[in-house]
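A short reminder: the numbers here are calculations on the coordinates, not readings from a lab. In this text the structure is predicted, and so the values were computed from the model without any measurement. Glycine gets a Cβ as well: all are built from the backbone with ideal geometry, and neighbour counts include every protein chain shown.
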Amino acid sequence: MPSLQIRNMPEETYANLKARAKLDRRSVQQEAAWLLETILSFPGVLLHQPNWSRVDQVREAMAKRYGAQPDSTPLIRQMRDER
């Protein structure tokens with residue numbers, strides 16, 4: 001089975017990984033492998049292609065529930081310019 005060595009990992013990241021591993025009763029290596037396997041099993045992750053059809057479905061559901069919302073871009077621009 002292939003192995004992977006990660007160099008120069010930030011200490012905080014390693015501490016978080018170690019804490020997760022402890023909670024899940026796994027070794028740090030097992031936890032890292034599980035996390036990589038889990039995230040890479042999602043369609044499109046490896047190719048960095050978001051699921052835009054799902055985004056469109058959520059957008060349509062929100063519009064049905066709350067109605068059409070105005071574009072906030074001009075308001076945000078105005079607020080930034082006033083700083």
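In the range 22-44, what residues are among the small types (Gly, Ala, Ser) and more than 17 Å from Gln5 (Cα to Cα)? I'd like the intermediate steps shown before the answer.
Going residue by residue through the range 22-44, those that are among the small types (Gly, Ala, Ser) are 27, 32-33, 41, 44.
Listed by number, the residues that qualify are Ser41, Gly44.
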Note to self: For a quick check of your reading: which helices (runs of 4 or more DSSP H) sit entirely within the chain and have at least 1 residues that are in contact (Cβ under 8 Å) with a residue 12 or more places away in the chain?
What the structure shows: 11-23, 28-40
